[in-house]
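Accompanying notes for the structure given below.
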Amino acid sequence: MKIIVLMKQVANKDAVLRIRSDNKWIEEADVAMQTNESDGYALEEALRLKEAKGSGEVIVCSLGGPSVKTVIKDALARGADRAIHILVGDSYKLSPYQTARIIAEAIKDEQADLIFTGLQSDDIGYGQTGVILAELLNIPHATIVIEIDRSSLDGTLRVKRELESGWYQWFRYRLPALFTIQSGISQIRYATLQGIMKAKSKPVKEITATIPEFPSAQKIEKVYLPLKTKQTQLLGNGDAKRGAIELVEKLRTEVRVL
Amino acid sequence: MILAFIEHKNGVLNKTSLEAITAAQTLAKDLGLKASAVILCDEDRGLAKDIAQYDLEKVIIARNPKLNVYTPDGYADAWTEVIKKENPQYVVMAHTYQVRDFAPKVAARFEREVLADVIRYRKENNHLVFTRRIFLGKLDADVVLQGEAPYFVTFQSGAFRADKAQKGNAKEDLIEVEVGEIRMTPEEPFQEAKASVDLTKSEIIVAVGRGIKSQENIALAQQLADVLGADLAASRPICDAEWLPIDRQIGSSGQTVAPKLYIALGISGAIQHVVGMKNSQTIVAINKDPEAPIFDIADYGIVGDLFEAVPVMIEEIKKLKEN
């Protein structure tokens, strides 16, 4: 059984973002990068499924410039068997359809049984690359998967989808299939020292991709700080303790909850 | 033509679809087009009649026995037929979990993608500029569509108001659609461990996010909740880490609340959280990061360490109560 896990590198969640001078994106050079959160969970699910089956291969696939090698190295250290690095410069310029086309081209010969990815990226958040990829590969998909019934694996696989307002639903899928994984599906393992050592000898295939023409791409015209919808009264002027005293006074006199 | 998607479960309307109707009507007016609605079903159980009371050209009821339950394959096939028949300029949907599941698949069949989770749009020199939230709410992006119709747009819950949907009198148009092979077998949807805590009734909520740092620190937030007579809630990462049970989760995958007072401790304000609490009457945010998007919707903010602020708040409130 072969599982491909698509993992994206994104700006660190806590990073202070600076908008680039052309207003089209952020200055990525001065931001700490990390693996997209839900993609980390996708890898964990793939590793657990392989372990439950007792055999198989987990392949991490990441698209981007040289910096995504960190994502790949980390995934290999956690237990992925090998990697595909799709080299594309300025990957932020890609629309989801273009990204899906490039990935489809890069992985189609692998004939994977399963493709896992996170449900959405924490940067541009298109939330559709996986679904478009499934359509291009002509395989079924499910999004927002919150549990996988590993014991059900047998040419088919049962997965639980998260619906809204606390509702869930199980579906049985024929393989091959693509699933987008929700954050929090399981506890993510840490890379062991042994894993880090082993990762160094695992194969990484580099593919240089060209960006396909796509006339219907959505285009970012401008990136900016959100317009404030409310006037916020900032309290304490940087002193949290003084802010707390002022806040309690406001809660008493203006909000009237005390 | 602009087509709005009407989502339902066994004929029971998902109310965000009314927001899609408002969106379609608004776009139609701006572009000089007509709006219609689309219902996919195995048989109409009266929903079409309800939708026909809105100001629409028609309500298209696309019917096939395989559409008795939602599957991405079934819905994609049905939509593909409807789009081929109607040649819409725009297909407008509410950005729900179901839409996220099938809309990109439909778009891909037409070599398109989805302009997803739009919070507003404006008309500029005869073309439309849409705004999306990116980087988990930290930034906004103005986005334009290129190429030819059909265009697929999904709007975030609350971008348009359901009660602004114009009433009228639409005709019903029943069509039979082809649905091919369904490659997935759905089981019955179910609700997991009914929310034992109903936060929707809370007057005051103290909510914690990643800034609380460790499970032990939850006790501090609990103390603040206790002196305020508030309920404790959390953003998703806290419940994922099992520091608080899932029935305390606020946001798109948890509960939606609108209390009198909502105090967000160490919550950055990612969209998935904000949609669940933005209608609170008063919002207080305490966060170290002055750029945290939670401050965009806060009435009162303290930029600073919550571990300094909260103990002082508890003391001050206790003092007030003693007097």
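List the pairs from B:Lys105/B:Lys164; A:Lys24/A:Lys200; A:Lys241/B:Lys321; B:Lys288/B:Lys318; A:Lys222/B:Lys9 whose alpha-carbon separation is above 28 Å, in the order I gave them. The pairs that break the limit, which is 28 Å between Cα atoms, are B:Lys105/B:Lys164; A:Lys24/A:Lys200; A:Lys222/B:Lys9.
Taking the Cα centre of the protein assembly as shown as reference, the dipole from Cβ charges on Lys and Arg (+1) and Asp and Glu (-1) amounts to some 360 debye. Peptide B:110-121 is shielded by partner chain Cβ atoms: per residue, an average of 4 of them sit within 10 Å of its Cβ.
Positive-end ranking of B:Ser17, B:Gly74, B:Ala207 along the dipole of the protein assembly as shown, with charges on Cβ about the Cα centre, is headed by B:Ala207. Once the Cα atoms of helix B:218-228 and of chain B are each reduced to a long axis, what angle between those two axes, in degrees from 0 to 90 to the nearest 10, is obtained? With both axes taken from Cα atoms, the answer is about 80 degrees.
Please report, to two decimal places, log10 I(q)/I(0) for the range B:180-323 at q = 0.12 Å⁻¹ as given by the Debye formula with identical point scatterers on the Cα atoms and no solvent. For the range B:180-323 at q = 0.12 Å⁻¹, log10 I(q)/I(0) is -0.48. Of the cross-linked pairs A:Lys230/B:Lys167; A:Lys2/A:Lys73; A:Lys8/B:Lys138, those separated by over 21 Å at the C-alpha level are A:Lys230/B:Lys167. Only helical runs count toward this figure. For chain A, summing -39,500 (n - 2.57) over DSSP H runs of n ≥ 4 and dividing by all residues gives -8000 deg cm²/dmol at 222 nm. Against chain B, whose longest principal axis is taken from its Cα atoms, helix B:97-109 shows a tilt of about 40°.
Quick one: net charge of B:Thr26's neighbours, Cβ under 12 Å, K/R +1, D/E -1?
That works out to +3.
Under the combined filter of DSSP loop state and at most 15 neighbouring Cβ atoms within 10 Å, the range A:209-258 retains these trypsin sites (Lys or Arg not before Pro): A:Lys228, A:Lys230, A:Arg256.
Relative to the dominant Cα principal axis of chain B, helix B:306-322 is inclined by about 70°. Taking each residue of A:209-222 in turn, how many C-beta atoms of other protein chains fall within 10 Å of its C-beta, and what is the average? Per residue, the number of nearby Cβ atoms from other chains is 5 on average. For chain A, a Gaussian network of Cα nodes joined below 10 Å ranks A:Thr192, A:Thr129, A:Thr70 by mean-square fluctuation, and the top entry is A:Thr192.
GNM on chain B, alpha-carbon springs under 10 angstrom: the most fluctuating residue among B:Arg45, B:Arg100, B:Arg120 is B:Arg45. Each principal axis of the range A:1-97 carries a Cα extent, and these read 51, 26, 21 Å when sorted largest first. Across every direction, the projection of the convex hull enclosing the Cα atoms of chain B has a mean area of 18.7 nm².
Mind checking A:172-180 for the average number of partner chain beta-carbons within 10 Å of each residue's beta-carbon?
2
Taking every DSSP helix (H) stretch of at least 4 residues in chain B, weighting each as -39,500 (n - 2.57) and dividing the sum by the residue count yields a mean residue ellipticity at 222 nm of -8000 deg cm²/dmol.
Mind checking the alpha-carbon convex hull of the protein assembly as shown and giving the volume per residue in Å³?
Cα convex hull per residue, to the nearest whole number: 156 Å³.
Relative to one another, the C-alpha centroids of the range B:133-198 and the range A:10-46 are positioned 27 Å apart.
Within chain A, what is the longest stretch that has no GluC sites (Glu not before Pro) placed in a DSSP loop and near at most 14 other beta-carbon atoms within 10 Å? The answer is A:28-212. Counting other Cβ atoms within 10 Å as a rough exposure proxy, the listed residues B:His95, A:His141 run B:His95, A:His141 from fewest neighbours to most. Under the rule a/c < 1.5 gives rounded, and otherwise a/b versus b/c splits prolate from oblate, where does the range B:210-261 land using the Cα gyration tensor? Since a/c reaches 1.5 but b/c is at least a/b, the shape of the range B:210-261 is classed as oblate. I need the calculated FRET efficiency for the pair B:Gln223 and B:Lys260, taking r as the beta carbon distance and R₀ as 22 Å, to the nearest 0.05. About 0.65, to the nearest 0.05. Beyond 12 Å, the tail of the calculated P(r) for the range B:262-312 holds 56 percent of the Cα pairs. With the simple spin-label model, which puts each label point 7 Å out from Cα in the Cβ direction, the A:Ser151 to B:Glu178 separation comes to 4.2 nm. Measuring r between the beta carbons of A:Lys200 and A:Ser67 and using R0 = 25 Å, the FRET efficiency lands at 0.85.
Taking the Kirkwood radius as Rh and the Cα radius of gyration as Rg, chain A has a ratio of Rg/Rh equal to 1.06. Candidate membrane-span-like segments in chain A, meaning DSSP H helices with Cα atoms spread over at least 18 Å of their own axis and a Kyte-Doolittle mean of -1.0 or above, are A:37-53, A:240-253, with no membrane implied.
Here is the list for the range A:166-257: chymotrypsin sites (Phe, Trp or Tyr not before Pro) lying in DSSP coil, each with at most 13 other C-beta atoms within 10 angstrom of its C-beta, are A:Tyr190. Annotation: aspartates and glutamates with alpha-carbon distance below 13 angstrom to A:Lys50 (same-chain offsets under eight excluded): A:Asp81, A:Asp113, A:Asp149, A:Asp154.
FYI, it's all coordinate maths here, none of it is from the lab. Given the structure is predicted, the values throughout are model-derived calculations rather than measurements. Glycine also receives a Cβ, built like all others from the backbone with ideal geometry; neighbour counts cover every protein chain displayed.
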